[in-house]
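One structure below.
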Amino acid sequence: MARWWTGVAACGAALVLCGCGAEDAAVDQAAAGFDAALGAGDLSRACELLAPATRATLEFQQSQPCAQSLQNAKLDAGALLQVDVWGGQAQARTDSDTWFLTRTAQGWRIAAAGCVPHGDDAPYLCKVSGP
């Protein structure tokens, strides 16, 4: 598992301070699209929704095309519960997973998925993440 965002705890505090919410429809749409692709088993579409750096890292680490690498990661689709946005970053929680999103030139994309908290002040550990 890869470590993701050493400042996740600080980001959580920033979410509260900035007053940002899940109102950004583009973030909601990206998260819902990724969830729908996973739920339908459309891993090619799920790969299209990964941030470019995340996709490149996944394919390099697994030495396989993205869709096969995602299949190996065994990510679960689930009901989208909450999306929090702060600047160009976001966190989406489902009933089975946590994803981090980033704003790219192509729009909002999944930067990390299959993430679980790793202690109170430690970064999340993610099955899929970029550099």
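Points to keep in mind about this one:
Listed here are the residues, each with its yes/no results for (1) modelled with pLDDT of 95 or more; (2) basic (Lys, Arg); (3) surrounded by 13 or more Cβ atoms within 10 Å (Cβ to Cβ); (4) in contact with a helix residue (DSSP H, G or I) (Cβ under 8 Å, 6 or more places away or on another chain).
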site: Ala37; (1), (2), (3), (4): yes, no, yes, yes
site: Ala40; (1), (2), (3), (4): yes, no, no, no
site: Glu59; (1), (2), (3), (4): yes, no, yes, yes
site: Gln62; (1), (2), (3), (4): no, no, yes, yes
site: Gly78; (1), (2), (3), (4): no, no, yes, yes
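- Hey, Val85 touching a residue at least 24 places away in the same chain (Cβ under 8 Å), in contact with a helix residue (DSSP H, G or I) (Cβ under 9 Å, 6 or more places away or on another chain), under 19 Å from Gly41 (Cα atoms) and buried (at least 19 other Cβ atoms within 10 Å of the Cβ) or not: no
- Residue ranges of strands (runs of 3 or more DSSP E) in region 91-131 with at least 3 members under 16 Å from Leu58 (Cβ atoms) and modelled with pLDDT under 95: 124-129
- When Glu59 is tested against (1) in contact with a Ser or Thr (Cβ under 9 Å, 6 or more places away or on another chain); (2) among the charged types (D, E, K, R); (3) in a strand (DSSP E or B), exactly one condition is not met: (3).
The values are calculated or read from the model by the stated rules, or taken from the named source; none is laboratory data. Only a predicted model underlies this, so the values are computations on that prediction, with no experimental measurement involved. Methodologically, a virtual Cβ is constructed for each residue, glycine included, from the backbone with ideal geometry; neighbour enumeration extends over all protein chains shown.
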